[in-house]
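Q: Let me give you the structure first, and then I'll get to my questions.
The values are calculated or read from the model by the stated rules, or taken from the named source; none is laboratory data. Here the structure is a predicted model, which is why all the values come from computation and not from measurement. Cβ atoms come from the backbone with ideal geometry, glycine included; neighbour counts cover every protein chain shown. Note: accessible area is taken over every heavy atom of the protein model, side chains too, but ligands, DNA and RNA are not part of it. Shrake-Rupley method; radii C 1.70, N 1.55, O 1.52, S 1.80 Å.
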Amino acid sequence: MSGGRRRLGYDSLQEGSRLFYNETIPEDMTKHAVDRYLDFLRHLGGEPGRPEFVIAESEENRERIAQILREYGLAPGDLFIAVNPVALWDTKLWDQGKFAELSRRIIKEMGIPVVLTGSAAEKPYLDAIQATMNIPAVNLAGRTSLRDLAALYRQAAGVVTTDSGPMHMAAAVGTPVIALFGPTDPARTGPYGEGHTVIRSPLPCSPCFLKQCDTRRCMSEITINDVFD
């Protein structure tokens with residue numbers, strides 16, 4: 001229906017997609033997803049340069065974040081660490097108590113404020129972490145749009161996060177990411193670019209790509225010291 005004479009897709013042919021292709025390319029799963037998608041350009045004869053990720057946050061988004069941070073006594077240019085403790089898969093989650101203790105140590109030992117980020121639906125999860133900390137933190141659950149979040153992450157000194165969409169957003173705006181990985185493969189879907197740190201437990205079963213697991217050892221074996229260091 002598109003009218004395109006060349007309809008390209010991967011030869012892995014997922015979800016019945018072969019019905020719509022008249023041309024396929026190999027899907028090299030040893031590559032990061034970004035580089036894998038750029039294989040389409042190479043197939044067409046192009047040679048892509050270094051990818052740039054444009055997130056269109058506006059001055060309005062930046063001012064909104066500045067206003068929110070001012071409510072917590074943070075001025076423009078003040079250092080802070082953003083912590084994104086949530087993820088879509090249950091197996092990607094770290095322990096709430098560990099996130100609480102990590103955040104407490106960042107505040108007490110490094111003297112840097114912590115800003116917790118998440119959606120409105122994730123607010124109870126972030127509230128539980130904040131309550132366990134027994135020390136003030138900035139909890140922005142449900143207070144940011146995606147563009148607001150990009151503006152926030154751009155200002156952060158670093159972002160500690162699970163394997164999640166916000167992780168990719170932080171990397172896209174050029175902020176150093178400390179990413180906690182368990183069931184998924186950082187070589188394929190880790191934070192893209194330089195200056196990021198991936199922390200994972202070297203278990204033989206990881207990555208398994210399972211959304212349910214009885215032990216979740218790959219995440220539980222990541223220690224607070226691993227991340228704080």
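Q: Restricted to region 97-136, and to residues that are outside any helix (DSSP H, G or I) and farther than 20 Å from residue 153 by Cβ, which residue is most open to solvent (accessible area, probe 1.4 Å)? Show your work before the answer.
A: So the first thing to find is which residues in region 97-136 are outside any helix (DSSP H, G or I), and the list is 111-119, 134-136.
Applying the additional criterion that residues be farther than 20 Å from residue 153 by Cβ yields 111, 134-136.
Numbers: 111: 60, 134: 137, 135: 33, 136: 112 Å².
Ranking the candidates gives 134 first.
Q: Restricting the search to region 71-108, which residues are among the acidic types (Asp, Glu) and in contact (Cβ under 8 Å) with a residue 60 or more places away in the chain? If you could, list the steps in order and put the result at the bottom.
A: At the first step, the residues of region 71-108 found to be among the acidic types (Asp, Glu) are 71, 78, 90, 95, 101.
Scanning region 71-108 gives 90, 95, 101.
Q: A further question follows. Contact list please: Cβ distance under 6 Å, first residue in region 184-213 and free of Cβ contacts under 8 Å to residues at least 60 places away in the same chain, second residue among the hydrophobic types (A, V, I, L, M, F, W, C) and part of a loop (DSSP other than H, G, I, E, B), pairs at least six apart or on different chains.
A: 199/222; 201/222
Q: What's the total number of residues in region 12-28 that are closer than 20 Å to residue 189 by Cβ, modelled with pLDDT of 90 or more and part of a loop (DSSP other than H, G, I, E, B)?
A: Final tally of qualifying residues: 3.
Q: Would region 176-186 turn up any residue that is among the polar types (S, T, N, Q), over 19 Å from residue 32 (Cβ atoms) and more than 11 Å from the chain's Cα centre (by Cα)? Step through it out loud before you land on a result.
A: Taking region 176-186 and keeping what is among the polar types (S, T, N, Q), we get 184.
Checking the rest, the ones that are also over 19 Å from residue 32 (Cβ atoms) come to none.
No, region 176-186 contains no residue that is among the polar types (S, T, N, Q), over 19 Å from residue 32 (Cβ atoms) and more than 11 Å from the chain's Cα centre (by Cα).
Q: Then there's this: Go through region 1-37 and count every residue that is of a type in the set (Val, Ile, Thr), open to solvent by less than 50 Å² (accessible area, probe 1.4 Å) and in contact (Cβ under 8 Å) with a residue 24 or more places away in the chain.
A: Taking region 1-37 first, the residues of a type in the set (Val, Ile, Thr) are 24-25, 30, 34.
With the extra rule that they be open to solvent by less than 50 Å² (accessible area, probe 1.4 Å), the set shrinks to 25, 34.
Cutting the leftovers down to in contact (Cβ under 8 Å) with a residue 24 or more places away in the chain gives us 34.
The total comes to 1.
Q: Scan region 38-61 for residues that are in a loop (DSSP other than H, G, I, E, B) and surrounded by 14 or more Cβ atoms within 10 Å (Cβ to Cβ) and jot them down. Don't jump to the end; show me each part of the working.
A: Filtering region 38-61 down to residues in a loop (DSSP other than H, G, I, E, B) leaves 44-58.
Once the filter is applied, which keeps residues that are in a loop (DSSP other than H, G, I, E, B) and surrounded by 14 or more Cβ atoms within 10 Å (Cβ to Cβ), region 38-61 yields 53, 55, 57.
Q: So in region 154-176, with the set limited to residues that are under 17 Å from residue 113 (Cα atoms) and in contact with a Gly (Cβ under 9 Å, 6 or more places away or on another chain), which one is most open to solvent (accessible area, probe 1.4 Å)? Outline the logic, then answer.
A: Going residue by residue through region 154-176, those that are under 17 Å from residue 113 (Cα atoms) are 154-161, 175-176.
Retained after the next criterion (residues that are in contact with a Gly (Cβ under 9 Å, 6 or more places away or on another chain)): 154-155, 175-176.
On the way: 154: 113, 155: 73, 175: 4, 176: 60 Å².
Out of the qualifying residues, it is 154.
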